[in-house]
Amino acid sequence: MEKIFQKFAFSSATLVFIILLGIFITLFNAARPAINEFGLNFIVDPAWNKEVPLSTPQTTTDKSAAQKSVTDTNDESVDVNDYGDSSDDMIMEDEDDTPTKTIYGGLVPLVGTIFSTLIALAFALPIAMGISIFLAEIAPKKIATFVGGAIELLAAIPSIIFGMWGLYYFAPIVADLFGGFQVSLLTAGLVLGVMILPFMAAITRDSMNTTPDILKESAYALGATKFEVIKDVIFPYSKVGIIGSIILSLGRALGETMAVAFLIGSIFELPHKITDPTISIPVALANNFGEASGLGMSSLFYLALILFVMSFAIISFAKFYFLRKANS
Amino acid sequence: MLAMNIEKFSFTYPGVDEPSLKNITLPIEKNNITALIGPSGCGKSTLLRSMNRIHDLYPGNKYDGKIELLDETNKKYKNILKIKKENEFIKLRQQVGMIFQKPTPFPMSIFDNVAYGLKIAGIRNKSELSDRVEAALKGSALWNEVHDRLNKSAMGLSGGQQQRLCIARAVAVKPEVLLFDEPTSALDPISTSAIEELIVELKKDVSIAIVTHNMQQASRISDYTAFMYLGDLIEYDKTENIFLNPKEKRTEDYITGRFG
Ligand SMILES: Nc1ncnc2c1ncn2[C@@H]1O[C@H](COP(=O)(O)OP(=O)(O)O)[C@@H](O)[C@H]1O
Ligand SMILES: [Mg+2]
C-alpha cells in the first residue's frame with residue numbers, strides 16, 4: 001500500500017513536470033518561425049503586422065527573401081493599424097507594387113502587460129495591506145468576520161464581470177479624473193488592481209493571523225504600541241505569506257484576459273501616457289488567434305511563450321525565495 | 001517595602017458570569033520572589049496578567065479593587081487599574097515586564113531582540129544600545145554563549161537560550177517588577193535550573209512574581225508563596241511556612257499532592 005501510494009505520488013509529481021515541459025515545447029515549436037525571423041528583436045519592436053518594403057533593411061532580418069514572401073501571402077489578416085503616419089499614406093503604400101513583407105514585434109503587448117500589472121500592484125498593494133491590518137489587528141472580531149467574508153466573496157467574482165463593471169462604470173470616472181481615454185492602460189490597471197485586491201488582502205490577513213498571540217503580547221509587554229507590534233512583529237513574522245500573496249496576485253494580473261480585454265483598448269499602439277489605450281499579451285492572443293495564420297500565428301505563439309516564461313520566472317523566483325527564507 | 005500591592009482585587013472575563021478572581025489581597029515584596037501556586041485553572045495567569053494590564057489587549061474585562069505599583073522614586077504608589085491612556089500603558093509595561101510560558105523571540109537578530117524595548121523607548125544612541133544589550137545579556141547569563149553571533153537570528157538559539165534571551169530583553173529596559181508565567185514549563189531540566197538560578201540572581205535588581213505549577217521550583221527559589229484555588233487566594237506566607245507548616249487544610253492537601 002505504502003509503495004503504491006509512493007509510486008502514485010511520484011508519478012503525479014512527474015506528470016506535472018512533463019505537462020509543463022510539454023507546454024513549453026509546444027509553444028516553442030509553434031513560435032519557432034517567428035523566433036527565427038525576428039529573434040530577440042521581437043521584444044523591442046513596436047510594429048505589429050506592418051507591411052514594409054522588402055528592399056529596406058529592417059529590424060532583424062537574416063532570412064531569405066523567398067521565405068518571407070511565402071509567409072507574406074499566407075498572412076491575409078491585415079489590420080488597419082498605422083504607426084503615426086496618416087492612413088492615406090498607408091493605403092497608397094499598400095497599393096504599391098514593390099514587394100513587401102509583414103513584420104511583427106511584441107513590444108506593445110509586452111509593455112501593456114507589464115505596465116497594467118505594475119499599475120494594478122501599485123494600486124492594490126497599499127490598500128490590501130491597509131485592509132488586512134484592519135481585519136487582523138484593529139477591527140473587533142464580529143466586524144472582521146463580516147468584512148473578511150465580504151472580501152472573500154469579492155475575490156470569487158468572475159473577471160468578465162469586473163471587465164463589464166469597469167467599462168460601464170469605472171472607465172468614465174477614470175477618464176474624468178485623469179483625462180485621456182476611457183479605455184486605457186490606466187483603466188485596465190486600476191480594474192486589475194480592484195480584482196487582485198480582495199485576493200491579496202485575504203491571503204495577507206490569513207498570514208498575519210498566524211502570528212501567535214503570545215508573540216504579540218511579548219512585544220506589548222515591552223511597551224510597544226499597536227503600530228510597532230504590526231511593523232516589528234506581525235509583518236516580519238508573516239513576511240513570507242505576504243510576499244506569497246503579492247506574487248500570486250502578480251501572476252493573476254499578468255495572465256488576466258477578460259477584464260483587460262474590455263478595458264485596455266486593444267490596439268497595437270505604444271502608449272505615450274498611462275491614459276493611452278494599448279494592448280496586453282493575453283488580449284492580443286485572445287483577439288487575434290482566430291484569424292491569424294503563418295508568421296502572424298507564429299508571432300502570437302512567440303508572445304505566449306514570453307508570457308509563459310515571465311510567469312514561470314516570477315513563480316520560480318518566489319519559490320526559490322521562500323525556500324531560502326524557510327531554511328534560514 | 002512593597003513593590004506592588006494587590007487589594008480586594010476581582011477580575012471577570014467578558015462573557016463570563018462568575019469572576020475568575022475573587023477579592024484577592026496579595027503583597028508583592030520588593031526585591032523578593034513571590035510564587036503563585038495552585039491547580040490549573042485557579043487563576044494564577046489571570047492574576048499575573050492583571051499586574052501589567054496585558055489583559056487589556058482584549059476588550060471587555062472587568063476589574064474591581066486596586067493594584068498599586070511603587071513608582072521609581074520609591075515614594076508613591078499608583079493604582080494601575082486607573083490607567084486609560086496608551087502612554088500610561090506603555091510606561092506601566094516598561095516598569096512591569098513579563099516572561100511567558102514559551103520562549104517568544106522576535107523574528108530578528110539576537111541583538112535586535114534585546115535592544116527592542118530600548119529602541120521603542122526612544123533610545124537611539126548606538127553605543128548606549130550596545131552597552132545595555134551587553135549588560136542585559138551578561139545579567140541573563142547568555143553573553144558567553146552569544147557574544148560572537150549577536151547579529152544572527154534569535155530563532156537559531158536553543159529553547160533554554162531563547163528563554164534567557166527573553167529575560168534579557170525584559171531586563172534591558174530596567175523594569176521594577178518582572179512577572180514570570182511558568183517560564184520553565186517548556187524547558188528541559190538543565191535549562192530549567194539555569195533559569196531558576198538566573199531568577200534568584202535577578203532579585204537584587206527587580207521584584208519578582210512567578211507562576212509555577214512545580215512546587216519544588218516554588219520552594220527552591222521563592223521567598224513568599226501564595227496558594228490559589230478556584231479564583232480565591234487561600235493562603236499567603238513566607239515560603240517555608242507554606243511548605244513546612246501551612247495553616248489551611250487545602251494548602252496542605254495541595255502541597256502534599258493530594259489534589260491538583
Ligand atoms: N480569555 C478567557 N476568557 C474567559 N475565561 C478565561 C479566559 N482565560 C482564562 N479563563 C478562565 O479563567 C480561569 C483561570 O484561568 P488561568 O488564569 O489561565 O488559570 P491558571 O493560570 O491558574 O491555570 C479558568 O477557569 C479559565 O478557564
Ligand atoms: Mg496559567
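Every number in this text was worked out from the coordinates using simple rules, so none of it is lab data. Keep in mind that what you see is a predicted model, and the values were worked out from it rather than measured. Note that each Cβ is placed from the backbone with ideal geometry, even for glycine, and that neighbours are counted across all protein chains shown.
Could you run the Karplus curve 6.51 cos²θ - 1.76 cosθ + 1.60 with θ = phi - 60° over the stretch A:174-182 and give me ³J(HN,Hα) per residue in whole Hz, x for Gly and Pro?
3J(HN,Hα) across the stretch A:174-182, in whole Hz: 4, 5, 5, 6, 10, x, x, 7, 6.
How do B:Tyr58, A:Tyr104 rank when sorted from fewest to most other Cβ atoms within 10 Å of their own Cβ? Present the calculation step by step, with values, prior to reporting the outcome.
Numbers: B:Tyr58 12, A:Tyr104 24.
Least crowded to most crowded, the residues run B:Tyr58, A:Tyr104.
So what's the gap between the Cα centers of the stretch B:18-49 and the stretch B:90-140, to the nearest angstrom?
26
Distance between the C-alpha centers of the stretch B:206-238 and the stretch A:193-215? Whole Å please.
Each part reduced to its Cα centre gives a spacing of 41 Å.
Which ³J(HN,Hα) values in Hz, rounded to whole numbers, follow from the phi angles of the stretch B:40-53 under the Karplus curve 6.51 cos²θ - 1.76 cosθ + 1.60, where θ = phi - 60° and Gly and Pro get x?
4, x, 7, x, 4, 5, 4, 5, 4, 6, 7, 6, 10, 6
Relative contact order of chain B, please, whole-number percent, based on alpha carbon pairs below 8 angstrom and at least 6 residues apart. Intermediate values should be presented prior to the final figure.
Values: 491 pairs, mean separation 71.6, N = 260.
That works out to 28 percent.
Amide H neighbours of B:Ala3 under 5 Å, counting only residues 5+ apart in sequence or on other chains, H built in-plane at 1.01 Å?
Amide H neighbours of B:Ala3: B:Ile28, B:Glu29, B:Lys30.
First check a/c for the protein assembly as shown, with a ≥ b ≥ c the square roots of the eigenvalues of its C-alpha gyration tensor; if it is under 1.5, answer rounded, and if not, answer prolate when a/b is larger than b/c or oblate otherwise. If you can, show how the numbers build up before the last one.
Values: a/c = 3.23, a/b = 2.79, b/c = 1.16.
Prolate, since a/c reaches 1.5 and a/b exceeds b/c.
How charged is the neighbourhood of B:Ile28? Take every other residue with its Cβ under 12 Å from the Cβ of B:Ile28, and add Lys/Arg as +1 and Asp/Glu as -1.
Values: positive: B:Lys30, B:Lys203; negative: B:Glu7, B:Glu29, B:Glu68, B:Glu176, B:Asp223.
Here the charged neighbours net out to -3.
Cα to Cα, under 19 Å, and not fewer than 8 places away if on the same chain: which lysines meet these conditions relative to B:Lys174?
Once the sequence-local lysines are set aside, what remains near B:Lys174 is B:Lys30, B:Lys75, B:Lys76, B:Lys78, B:Lys91, B:Lys119, B:Lys126, B:Lys138, B:Lys203, B:Lys204.
Which net charge results when you count Lys and Arg as +1 and Asp and Glu as -1 among the other residues whose beta-carbon is under 14 Å from that of A:Thr210? List each step's numbers first, then the result.
Numbers: positive: A:Arg205, A:Lys216, A:Lys239; negative: A:Glu137, A:Asp206, A:Asp213.
Charge balance in the 14 Å sphere: 0.
In a GNM of chain A with a 10 Å cut-off on Cα contacts, which of A:Tyr168, A:Tyr220, A:Tyr237 has the highest mean-square fluctuation?
Result: A:Tyr220 has the largest fluctuation of those listed.
In nanometres, what is the gap between the two model label sites at B:Glu18 and A:Arg32, each 7 Å from Cα along Cα-to-Cβ?
With each label point 7 Å from Cα toward Cβ, the separation is 8.0 nm.
B:Met4: net charge of surrounding residues, Cβ under 12 Å, Lys/Arg +1, Asp/Glu -1, itself excluded?
On the way: positive: B:Lys30, B:Lys66, B:Lys78; negative: B:Glu7, B:Glu29, B:Glu68, B:Asp71, B:Glu176.
Local charge sum for B:Met4: -2.
What residue among B:Val177, B:Val146, B:Val114 shows peak mean-square fluctuation when chain B is described by a Gaussian network model with Cα springs under 10 Å?
B:Val146
Report the residue, chosen from B:Ser140, B:Ser191, B:Ser207, that carries the largest GNM mean-square fluctuation when chain B is represented by alpha-carbon nodes joined by springs under 10 Å.
The residue that fluctuates most here is B:Ser191.
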